[in-house]
Amino acid sequence: MEAVYKRFAMVWLLTSLGAVAAIAALNMLVDPAGAYRGLHSRAFEPLRYLDLNCVTKAEMVRRGDWQVIILGSSRAETGLPATHPFLATNRTCNLSFAGTRFPELMAAFDYACQHNPLKHVILCVDSYMFSPGTRWIEDFPESRFNPEFRAFDYYCKQLLGRSSTDRTWDAIRRRFQGYKPIPQDRHGFHKHGLEAKTSQRELFSRVLRILGGGYRHQSLDPADLEMFRHMVRVCRDRRIDLQVAIMPVHALDLELLYAGGRWSQFERWEADLVEILAQEGVDGKFGVWDFTGYAGPPAEAVPPEGDHTTRMKYYFENSHCTPVLGGLMLDAMFEGATTFGIKLDQANIKAHLARVLEDRAAYARTNAADIAWVSRILSEGTAGGK
Amino acid sequence: MLFNSYLFILVFLPVTLGVYLFIIRQGWRKQSFDWLVLASIFFYGWWKWSNVPLLIGSLLFNYTIGTWLGKIAPGRRAKALLVVGLTGNLLFLGYFKYANFFLDNVNSLFGLGWTVTHLVLPLGISFITFQKIAYLVDSSQGLTRGYGFRDFCLFVSFFPQLIAGPIVHHSELMPQFRRKDSGPSWEDFSVGAVLFVIGLGKKVLVADPFAAFANPVFNAAHSGTVPGFAVAWIGTLAYTMQIYFDFSGYTDMAIGLGRMFGIRLPLNFNSPYKATNIADFWRRWHMTLSRFLRDYLYIPLGGNRKGPARRYVNLMITMLLGGLWHGAGWTFVAWGALHGFYLSVFHGWHEWRGRTGRAAPTPYVAGLWAGRVVTFLAVIAGWVFFRAENFSDATKVLGGMVGVHGFSFRADGLNFSLTQATKMVGLFLVVVWVFPNSHEVLASHTPALEYAQNPPRVNLAPTPRWLGRLLVWRPTLLGALILAALMIAGILNVSRPSDFIYWQF
């Protein structure tokens with residue numbers, strides 16, 4: 001009888017080991033995240049670093065040849081155009097993560113600085129990022145960005161994890177389909193699109209509800225502002241240009257803050273960012289750019305209810321702008337255009353904030369129904385979100 | 001180190017087992033157990049090295065007291081020594097597990113701000129303490145004479161059961177360490193591997209996905225959202241399944257690991273949701289804890305020997321402390337109290353039926369199913385307190401379940417599909433109610449200690465006989481390939497290892 005058990009055990013062991021070895025070998029060869037440099041196959045190089053997860057982005061930044069990094073949330077991931085002349089003529093890596101908070105951006109920044117000869121950092125911020133919350137998002141702790149990175153677990157996951165195996169199959173499938181990624185789908189950028197027959201007003205409604213719930217619990221964490229100060233100092237000391245962009249959410253997204261009683265906190269946060277640059281003596285060199293507001297592109301009209309065909313030029317929904325608007329942001333920051341956004345400093349911030357309030361009053365008069373819609377969403381209660 | 005981690009599966013287990021077998025092959029049986037002690041301490045220390053001195057200190061303390069107790073005659077001195085030993089263990093547990101809970105309550109009562117900082121609960125402390133208490137009590141009765149220090153260390157620290165049980169009794173494990181035969185056989189390895197892989201599958205393929213349904217509901221309740229009817233039910237049922245497969249998976253892995261090393265651990269989990277009454281549930285859920293509470297708390301308190309009133313008081317005390325053992329929080333106490341109440345009601349009802357001659361000699365199938373469903377409902381109501389962060393959260397979820405907040409069937413704001421969750425709950429309800437469990441499937445291969453000592457009569461009800469026969473495990477080629485497939489699926493899914501629920505106790 002022992003022989004029967006021995007045969008069973010050997011078949012089980014050898015089959016398991018064989019299959020595990022085969023999966024590991026395949027994942028190492030294809031290596032969509034780029035974790036096994038020097039061992040992976042060059043044939044898959046164009047299909048590498050296409051995923052938007054933190055693991056892949058950390059491996060991408062570890063390559064060490066980036067001149068520009070973009071730090072931000074999914075708003076910067078989808079909203080900034082990879083083909084913009086400034087980004088396209090520099091080696092640019094988009095290190096933005098969906099739903100991120102400032103501690104993650106700080107860790108990604110530190111890691112990128114250690115491994116790359118950076119010239120520019122484009123920091124795309126929102127006030128929610130400075131609110132206390134869970135320390136790490138999604139797969140961030142599993143990535144090289146995590147200061148407590150565990151190499152053994154990491155390499156095992158890349159060799160044997162289900163998500164890396166799924167990504168390997170995707171890469172193989174794409175290679176056989178002859179897929180060639182467009183710039184907006186490479187180097188950490190994301191090409192976002194709306195499905196046909198999607199009503200943008202419905203989309204606004206859904207996202208306003210989700211974010212309204214999150215904004216309700218929002219507060220400013222002084223520790224995050226200190227991290228921002230650290231980032232400013234590192235850039236100053238290493239002679240890296242730092243441009244801070246306050247992302248252009250739609251006016252109705254801003255209204256969630258206003259109607260939710262968070263406006264003074266939002267104003268204080270903007271003023272804090274400007275003050276930190278001044279305190280560190282870089283207010284002339286670096287910039288805090290405010291692209292939010294109630295006038296211009298952020299006040300773009302939302303298609304009416306039941307309209308499934310009209311597409312907004314500047315917005316997917318209240319939270320995410322299109323690369324068209326992202327292009328205008330980059331024009332303002334790097335090409336000297338003056339049509340959109342304002343570079344804040346201690347001299348102009350008060351007047352700017354007062355003007356935003358005037359714009360808000362005007363917007364409320366001309367868009368009373370939409371303002372009432374946001375109030376209704378807030379009063380009905382919301383769930384989840386940032 | 002988690003059982004469901006790459007480090008454990010790919011490095012620790014193969015190295016520990018390989019060296020163990022190598023040492024046995026050299027004919028060094030005693031040294032093979034020394035190796036297991038070292039490996040177990042390494043396993044424990046991997047989580048937090050600073051806790052290793054605590055473990056070793058507590059081993060030395062308890063072995064010294066136990067040996068001393070075994071040498072002196074029963075009397076006042078023995079009693080005093082036993083009190084010293086028990087107090088030492090309870091203070092150890094109390095300090096690490098309950099100090100902050102105690103201070104929080106004192107603070108809220110008297111408006112103070114006392115805190116004990118940097119207090120990290122040593123892993124497995126609740127389980128280890130109970131094993132040592134049982135050892136000391138039995139030592140005072142002369143039942144532990146002749147045990148060596150190595151045997152004692154291995155009894156407490158044997159890594160498969162170190163962190164979350166089964167809570168083994170010295171009489172179950174120590175004799176196995178004195179075996180002089182050649183060590184684990186191929187049957188031991190095969191049966192152990194089957195149990196380990198089934199347990200791994202339960203944890204990573206079933207329990208963890210259920211957590212993805214349960215956590216959002218309880219987290220939303222904690223952040224102030226009131227769950228609707230369907231969401232509250234699905235969240236609670238998902239947690240009911242999560243804790244079942246999590247604990248059952250852990251137990252299978254622990255027993256399987258023990259068996260791979262040729263050591264049989266006692267059963268700890270026996271299809272508890274098949275229980276037809278609440279007493280039956282406690283004979284099936286965390287069986288070794290129930291046994292400890294019965295033998296070292298309920299019976300010493302007087303059990304049912306001092307009249308019905310004392311019996312109910314003893315039951316309540318036992319279950320309240322059982323609840324508190326699970327965690328330093330009032331929700332755990334409430335969970336224990338609820339089960340104490342259930343058990344009191346059941347025993348009262350059972351006694352009344354017996355007294356009035358209403359107990360049917362052979363229970364009807366419909367009656368058994370009715371009992372099963374009622375017991376299940378009572379248990380899941382208890383799980384709400386067990387899972388919730390506080391009473392407010394528990395009230396919200398329970399309120400949602402009884403329709404206090406309306407009868408909504410939508411899951412707005414939650415990142416899962418209610419339909420998918422319902423299907424999964426439905427499927428696994430059938431599995432837990434109808435399918436045989438892992439040790440029943442392996443019954444003819446004596447998977448656990450009970451099978452080797454007094455083989456229990458395997459009663460598969462309510463599993464249909466044909467299904468029971470179909471699922472009997474045999475060491476065939478097909479069986480090995482199926483097991484390999486399950487192993488690979490398990491390994492692919494351990495990429496995000498999550499703690500076992502019972503590890504936090």
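Brief remarks follow.
- So B:TYR20, is it away from chain A (no Cβ under 14 Å), farther than 25 Å from B:ARG145 by Cα and surrounded by 16 or more Cβ atoms within 10 Å (Cβ to Cβ): yes
- Screening segment A:196-236 for residues that are within 14 Å of another protein chain (Cβ to nearest Cβ) and hydrophobic (A, V, I, L, M, F, W, C) and picking the one that is nearest to A:CYS113 (Cα to Cα) gives A:LEU211.
- Scope segment B:200-218; condition within 24 Å of A:ARG216 (Cα to Cα) and touching an Asp or Glu at 6+ places or on another chain (Cβ under 9 Å); matching residues: B:PHE218
- Within segment B:393-418, the set of residues being modelled with pLDDT under 90 and either away from chain A (no Cβ under 14 Å) or not in a loop (DSSP other than H, G, I, E, B) (or both) comprises B:GLY403, B:VAL404, B:PHE407, B:PHE409, B:SER417, B:LEU418.
- Helices (runs of 4 or more DSSP H) contained entirely in segment A:1-115, each with at least 2 residues that are within 24 Å of the chain's Cα centre (by Cα) and more than 14 Å from chain B (Cβ to nearest Cβ): A:54-62, A:74-79, A:85-88, A:102-115
- Checked against the criterion of being touching a helix residue (DSSP H, G or I) at 6+ places or on another chain (Cβ under 9 Å), farther than 22 Å from A:ASP370 by Cβ and among the hydrophobic types (A, V, I, L, M, F, W, C), the candidates A:VAL244, A:VAL249 yield just one match: A:VAL244.
- Residue in segment B:203-217 that is on the phi < 0 side of the Ramachandran plot, surrounded by fewer than 22 Cβ atoms within 10 Å (Cβ to Cβ), in contact (Cβ under 8 Å) with a residue 60 or more places away in the chain and not in a helix (DSSP H, G or I) present: no
- Looking at B:SER50, B:SER58, B:SER32, just one residue is touching a Phe, Trp or Tyr at 6+ places or on another chain (Cβ under 6 Å) and of a type in the set (Ser, Thr, Tyr), and that residue is B:SER32.
Each row is one residue, and each column tells you yes or no for (1) within 26 Å of the chain's Cα centre (by Cα); (2) part of a helix (DSSP H, G or I); (3) touching a residue at least 12 places away in the same chain (Cβ under 8 Å).
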residue	(1), (2), (3)
B:ASN4	yes, no, yes
B:PRO14	yes, yes, no
B:TYR20	no, yes, yes
B:LYS30	no, yes, yes
B:ALA39	yes, yes, yes
B:SER50	yes, yes, no
B:PRO53	yes, yes, no
B:LYS79	no, yes, yes
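- So A:GLY161, is it closer than 20 Å to A:LEU50 by Cβ, small (Gly, Ala, Ser) and surrounded by fewer than 17 Cβ atoms within 10 Å (Cβ to Cβ): no
- Any hit, segment B:115-127, residues being part of a helix (DSSP H, G or I) and hydroxyl-bearing (Ser, Thr, Tyr): yes
Residue-by-condition table, conditions (1) without any contact (Cβ under 8 Å) to a residue 40 or more places away in the chain; (2) in contact with a strand residue (DSSP E or B) (Cβ under 6 Å, 6 or more places away or on another chain):
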| position | (1), (2) |
| --- | --- |
| A:ALA25 | yes, no |
| A:ALA35 | no, no |
| A:ALA43 | no, no |
| A:ASN53 | no, no |
| A:ALA58 | no, no |
| A:ILE70 | no, yes |
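- All positions within segment A:147-174 that are basic (Lys, Arg) and either facing chain B (nearest Cβ under 9 Å) or free of Cβ contacts under 8 Å to residues at least 60 places away in the same chain (or both): A:ARG150, A:LYS157, A:ARG162, A:ARG173
- Among the residues of segment B:173-208, just one is within 14 Å of chain A (Cβ to nearest Cβ), more than 14 Å from B:ILE255 (Cβ to Cβ) and β-branched (Val, Ile, Thr), namely B:VAL204.
- For segment A:235-269, a tally of residues being touching a Pro at 6+ places or on another chain (Cβ under 6 Å) and closer than 30 Å to A:ASN90 by Cα returns 2.
- Screening A:TYR294 against (1) surrounded by fewer than 20 Cβ atoms within 10 Å (Cβ to Cβ); (2) assigned to a loop (DSSP other than H, G, I, E, B); (3) of a type outside the set (Val, Ile, Thr) leaves a single unmet condition, (1).
- Positions within segment B:357-381 being outside any helix (DSSP H, G or I) and among the hydrophobic types (A, V, I, L, M, F, W, C), in sequence order: B:ALA359, B:ALA360
- Here B:PHE229 passes the criteria (1) more than 26 Å from the chain's Cα centre (by Cα); (2) more than 14 Å from every other protein chain (Cβ to nearest Cβ); (3) modelled with pLDDT of 85 or more; (4) within 21 Å of B:PHE33 (Cβ to Cβ) except the one numbered (4).
- Cβ pairs under 7 Å, 6+ apart, first in segment B:472-489 and more than 7 Å from chain A (Cβ to nearest Cβ) and under 15 Å from B:GLY201 (Cα atoms), second surrounded by 14 or more Cβ atoms within 10 Å (Cβ to Cβ) and of a type in the set (A, V, I, L, M): B:LEU486/B:VAL197; B:ALA489/B:LEU205
- Residue list for segment B:419-442, restricted to those being closer than 30 Å to B:VAL472 by Cβ and either among the polar types (S, T, N, Q) or within 14 Å of chain A (Cβ to nearest Cβ) (or both): B:ASN437, B:SER438, B:LEU442
- The set of residues in segment B:209-225 that are aliphatic (A, V, I, L, M) and at the interface with another protein chain (Cβ under 9 Å from one of its Cβ atoms) contains only B:ALA220.
- In segment A:261-290, of all residues being touching a residue at least 40 places away in the same chain (Cβ under 8 Å) and aromatic (Phe, Trp, Tyr), the one that is surrounded by the most Cβ atoms within 10 Å (Cβ to Cβ) corresponds to A:TRP269.
- Check on B:GLY201, under 26 Å from A:VAL11 (Cα atoms), small (Gly, Ala, Ser) and at pLDDT 95 or above: yes
- Scope segment B:47-66; condition surrounded by 17 or more Cβ atoms within 10 Å (Cβ to Cβ), among the polar types (S, T, N, Q) and farther than 15 Å from B:PHE155 by Cα; matching residues: B:ASN51
The values are calculated or read from the model by the stated rules, or taken from the named source; none is laboratory data. These figures come from a predicted structure and were not determined experimentally. Backbone-built Cβ (ideal geometry, glycine too); neighbour counts: all protein chains shown.
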